[in-house]
1. What is the helix-to-structure angle for 63-74, meaning the angle in degrees between its Cα long axis and the longest Cα principal axis of the chain, kept from 0 to 90 and rounded to the nearest 10?
2. Calculate what fraction, in whole %, of the accessible area of the chain sits on carbon and sulfur atoms when a 1.4 Å probe is rolled over the protein chains.
3. Could you check which residue among 137, 202, 101 shows the biggest mean-square fluctuation in a GNM of the chain with a 10 Å Cα cutoff?
4. Probe 1.4 Å, all protein chains in place: accessible area of residue 152 in Å², nearest 10?
5. Treating the beta-carbon of each Lys and Arg as +1 and of each Asp and Glu as -1, no other charges, what is the dipole magnitude of the chain about its Cα centre, to the nearest 20 debye?
6. Efficiency by 1/(1 + (r/R0)^6): what FRET value for residue 145 and residue 192, r their Cβ-Cβ distance, R0 = 22 Å, to the nearest 0.05?
7. To the nearest 10 degrees, how steeply does helix 197-213 sit against the main Cα axis of the chain, on a 0 to 90 scale?
8. Give me a comma-separated list of calculated 3J(HN,Hα) values for segment 185-193, in order, Karplus coefficients 6.51, -1.76, 1.60 applied at θ = phi - 60°, integers in Hz, x for any Gly or Pro.
Amino acid sequence: MKFFIDTADLDEIQALAATGLVDGVTTNPSLIAKHGAAMADRIADICAAVPGPVSAEVTATDIEGMLAEGRALAAIADNVAVKVPLTESGLRACKTLSNEGTKVNVTLCFSAAQAILAAKAGASFISPFVGRLDDIGQNGMELIADIVEIYEQYPDFETEILVASVRHPVHVVEAARLGADVVTVPPKILKQLFQHPLTDKGLAAFLADWAASGQAPILEQLEKKNGAD
Ligand code: G3P
């Protein structure tokens, strides 16, 4: 499963990219607005920081506008994936841009029927928003299960399922259990995935026992041993 980070915060992206665990980045107009930088600059900087796909969303809602913005965004860097909303115009733009060789992420997906249309339109990624479905009393992960099951019936569908609107680590684990291709997580949730209190407790105990043993550090021991051999 691939991990994308869902943010436009360049410092966070650079720090998390250093872990080697980040396969791409997703942004949206709200995230870009939150971090203040000019979108064209910020997308270029993110593309330089992460080799994988970086989703940059159009804000036009008509087909001509979406195509113009999509082509301009795609020209920023080779790893831009143009993000379009799941509307009729968005899917028309998806089809055209995909035919031109641009990766397209179709966003704001809330139903299996929409996911079928996105695959037929040649989307590289479909982004179902699980958290926002949970917010209105539906089960977001059930939608992921439905899309996984449907896409499996059609091996010619090349669209990757990108689980978005992730709110907690359980969403990540469930997405993996269901076989989703990608999960996009806010930085805070990626950091939460590392954490377990028993890891911290166990490590503290190992280090305390080691310190109490009075042994020399392992590198020192090996240097001495290798010198003696
Ligand atoms: O990138 C889109 C998505 O992940 C939005 O998440 O938390 O605003 O529903 P959220």
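The values are calculated or read from the model by the stated rules, or taken from the named source; none is laboratory data. These figures come from a predicted structure and were not determined experimentally. Here Cβ is always computed from backbone atoms with ideal geometry, including for glycine, and neighbour counts include all displayed protein chains. When the accessible area is computed, the model is the full protein with side chains, heavy atoms only, and any ligands, DNA or RNA have been set aside. Shrake-Rupley method; radii C 1.70, N 1.55, O 1.52, S 1.80 Å.
1. So the inclination is approximately 30 degrees.
2. 55
3. Between 137, 202, 101, it is 202 that shows the largest mean-square fluctuation.
4. 130
5. The calculated dipole for the chain is roughly 220 debye.
6. Working: r = 23 Å, r/R0 = 1.05.
For residue 145 and residue 192, the calculated efficiency is 0.40.
7. So the inclination is approximately 20 degrees.
8. 10, x, x, 4, 6, 4, 5, 4, 5
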